[in-house]
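Chemist: Okay, handing you the structure first.
Each reported figure results from applying straightforward, stated rules to the coordinates on display, with no laboratory input. Keep in mind it's a predicted model, so treat the numbers as computed, not measured. No Cβ is skipped: glycine too gets one built from the backbone with ideal geometry, and neighbour counts run over all protein chains shown.
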Amino acid sequence: MVSKPHGGKLVNRVVTGRRREYLLEEAKELRKVSVSESLAADVSNIAHGVYSPLEGFMVYNDYYHVLYDMRLANDVPWTIPIVLDVSREEILGLKEGDDIAISFKNTMLAIMEIEDIYKWDKREFCKKVFKTVDVRHPGVSKTMHRKDLLIGGSIYLLNDVPEPFERYRLWPVETRVLFEAKRWRTIAGFQTRNVPHRGHEYVQKAALTFVDGLFVNPLVGWKKTRDYKDEVIVRAYEALIENYYPKDSVVFSVLRMEMRYAGPREAILHAIVRKNFGCTHFIVGRDHAGVGDFYGPYEAWDIFNEFPDLGIIPMFIREAFYCMKCGGFVNEKICPHEEEYRVKVSGTKLRKMILSKEKPPEYMMRPEVVEVILNFERPFVE
Amino acid sequence: MGFKIMGEEKVAVHISKELYEKARKYVEESEGEFKSVDELVEFVLKEVLSEEVEEKVFTKEEEEKIKERLRALGYI
């Protein structure tokens, strides 16, 4: 049985039919707030239930509880505030109870009922969410550049932002039907922002040994420089799945959502999101959603102890390496051999090889995946 | 057989004495979280049952439409 949605109910704030026509007309008369690509993705994710039980951007009460208790005001686990920042000028003259139109470029996305307007302390936000105020942290740097006020309230989605990977965009309501159609009772979600190397493949297949299906769900959208571009990730996974995965055991779909690099707190958010897609299990990587050395390698594992009521089972699978004596991919728990026989698959090393157009060896990355990546002139975010 | 407490209809169920004693001890140690064994039992049952019953957010017709899209995309 697929997982129950977080908070008990899968949210649907998508307006259709004649009501949508009516609200699109009404939106023309409303004050317009233009949002970034990441916020536009949040709007869609709220409306389609990816962030269930959220029905809109957070009001102060939820914001406060999430920041300090890692729970919504109603005690449901939630670790990163989902907020809409605005400038004073943008909402001048508006008050609680008014409606605004949210747009992205030329697309009218949604109408939001303003329930709360409040200030936020960005440094305090960073301290709590990222555990640092160091601006070298990409999440901190991004937060410090955000606007000074937050507005919270329910949204009504009128349009989604066009998705370049539409063929791979599935919403929770769709994955739930899909998993049931496949008769999967247990599903492990895999979060990624990388192209797959042999270590990732090992972790995914180790999880798949214990569950009925694997849901590979890379994030597309804003990422820091030197991360792989979205298209490279998608094409690399196509090659891997086509050549090395049993077709009936894996579903691949993209999720447009900003990487926040918030380490342990983000690991919980990633698990909640996959729970909403119907996953019963979630693979938590070493230094999950980490960046640089801002978090300890297993902090993202430890935080799960604080959420016995999360409603999705974390799978802590150790990092894999190739052992020349074992003759295959193993991890430190199952390999008795010395360091000298172990070859680690380093993302940094792979990146350097790819930058210099050098082919990584097969024990690091599948040749079909290498070929796809090397076909890109510039595979990294610049 | 039903009866009413504070206007709410209730029914009696039977559990083993041993389990009842364990529950009573749990209530005593709960520092006021539960006021009685009845309250504890009701809480536990609600939790268990709510995990089993998922409210479907789509009709049969909508489910068919979703399946059509999934087929068109090659997922089914």
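Chemist: Please pull out the direction-averaged projected area of segment A:166-374, using the convex hull of its alpha-carbon atoms, in nm² to one decimal place. Let's see the in-between values first.
Modeler: Values: hull surface 47.0 nm².
Averaged projected hull area, Cα only: 11.8 nm².
Chemist: Give me the net charge for the shell around A:R342: Cβ to Cβ below 12 angstrom, other residues only, Lys and Arg +1, Asp and Glu -1.
Modeler: So the environment of A:R342 carries a net charge of -3.
Chemist: Counting only the backbone N, which residues of segment A:187-208 are under 15 Å from the spot 7 Å out from the Cα of A:Y244 toward its beta-carbon?
Modeler: Of the residues in segment A:187-208, A:194-208 have backbone N under 15 Å from the label point off A:Y244.
Chemist: Got the relative contact order for segment A:166-374 handy, in percent, Cα pairs under 8 Å and 6 or more residues apart?
Modeler: 24
Chemist: Now, a different point. For chain A, what does the relative contact order come out to in percent, with C-alpha contacts under 8 Å and a separation of six or more?
Modeler: Rounded, it is 18 percent for chain A.
Chemist: Over segment A:6-157, what is the relative contact order in whole percent, taking alpha-carbon pairs under 8 Å and six or more residues apart?
Modeler: This gives 30 percent for segment A:6-157.
Chemist: Once you list every other residue whose beta carbon is under 12 Å from the beta carbon of A:E55, what net charge do they have if Lys and Arg are +1 and Asp and Glu are -1?
Modeler: Spelling it out: positives minus negatives among the neighbours equals -1.
Chemist: Here is a follow-up. If one takes the longest principal axis of the Cα atoms in chain A, at what angle in degrees, from 0 to 90 and to the nearest 10, does the Cα axis of helix A:263-276 lie?
Modeler: 80
Chemist: Right, something else. Going down the list A:K131/A:K224; A:K4/A:K131; A:K32/A:K128; A:K205/A:K352; A:K9/A:K105, which pairs span over 23 Å between their C-alpha atoms?
Modeler: With Cα atoms farther than 23 Å apart: A:K4/A:K131; A:K32/A:K128; A:K205/A:K352; A:K9/A:K105.
Chemist: Please list, by residue number, everything in segment A:260-294 whose backbone N is under 20 Å from a paramagnetic label point 7 Å out along Cα→Cβ of B:F58.
Modeler: Only A:273-280 pass the distance filter.
Chemist: Ok, one more. Taking amide H positions as placed 1.01 Å from N in the peptide plane, with prolines and chain starts having none, which residues 5 or more places from A:R185, or on another chain, fall under 5 Å of its amide H?
Modeler: Close amide H contacts, sequence-distant or interchain: A:D212.
Chemist: Taking beta carbons within 10 Å but only from partner chains, what does the mean come to for residues B:62-73?
Modeler: Per residue, the average neighbour count from other chains is 4.
Chemist: I need the semi-axes of the equivalent ellipsoid of the protein assembly as shown: take the C-alpha gyration tensor, multiply each eigenvalue by 5, square-root it, list largest first in whole angstrom.
Modeler: Value: 37, 31, 24 Å, ordered largest first.
Chemist: Looking only at segment A:166-374, where both bridge partners belong to it, what percent of the DSSP beta bridges are antiparallel (to the nearest 5)?
Modeler: 30
Chemist: How high is the FRET efficiency between A:E25 and A:A181 when r is their beta carbon distance and R₀ equals 41 Å, given to the nearest 0.05? Write down the numbers at each step before the final one.
Modeler: Numbers: r = 38 Å, r/R0 = 0.93.
Step by step, r from the Cβ atoms, then E = 0.60.
Chemist: Can you give the mean number of other chain Cβ atoms that lie within 10 Å of the Cβ atoms in peptide A:169-179?
Modeler: 4
Chemist: Restricting everything to alpha-carbon atoms, can you work out Rg to Rh for segment A:6-157 with a Kirkwood hydrodynamic radius?
Modeler: That ratio is 0.96, to two decimals.
Chemist: Continuing with this model, one more query. Under the rule of at least 5 residues apart or a separate chain, name every residue whose amide H is placed under 5 Å from the amide H of A:L54.
Modeler: Counting only residues 5 or more places away or on other chains, the set is empty.
Chemist: Could you work out how much longer the chain between A:V133 and A:D309 gets when fully extended? Use 0.36 nm per residue separation minus the Cα distance between them, nm to one decimal.
Modeler: Values: separation 176, 0.36 × 176 = 63.36 nm, distance 2.99 nm.
Here the segment from A:V133 to A:D309 would lengthen by 60.4 nm.
Chemist: Here's something else I'd like to know. Take every residue in peptide A:6-15, count the Cβ atoms of other chains within 10 Å of its Cβ, and give the average of those counts.
Modeler: Average per residue, whole number: 2.
Chemist: If you plug each phi of segment A:278-286 into the Karplus form 6.51 cos²θ - 1.76 cosθ + 1.60 with θ = phi - 60°, what whole-Hz ³J(HN,Hα) values come out, in order, with x for Gly and Pro?
Modeler: Calculated HN-Hα couplings, in order: x, 5, 9, 10, 9, 7, 9, x, 5 Hz.
Chemist: Let me ask another. Ranked highest first by the average count of other Cβ atoms within 10 Å around their residues, in what order do A:263-271, A:237-245, A:207-215, A:343-351 fall?
Modeler: A:263-271, A:207-215, A:237-245, A:343-351
Chemist: Could you name the lysines whose alpha carbon sits less than 28 Å from that of B:K17, not counting residues in the same chain fewer than 8 places away?
Modeler: B:K4, B:K25, B:K35, B:K46
Chemist: Could you go through segment A:302-318 in sequence order and give the Karplus-derived ³J(HN,Hα) for each residue, using 6.51 cos²θ - 1.76 cosθ + 1.60 with θ = phi - 60°, rounded to whole Hz, and x for Gly and Pro?
Modeler: 4, 4, 5, 5, 7, 10, x, 9, 5, x, 9, 8, x, 10, 9, 9, 5
Chemist: Between A:H145 and A:R342, with labels modelled 7 Å along Cα→Cβ, what's the label distance in nm to one decimal, could you check?
Modeler: 3.9
Chemist: Where the only charges are on Cβ atoms (+1 Lys, Arg; -1 Asp, Glu), what is the dipole of the protein assembly as shown about its Cα centre, to the nearest 20 debye?
Modeler: Roughly 1460 debye, rounded to the nearest 20.
Chemist: Non-local amide H neighbours of A:M315 (under 5 Å, H modeled in plane, Pro and chain starts lacking H): which ones?
Modeler: Answer set, sorted by chain and number: A:F282, A:I283, A:V284.
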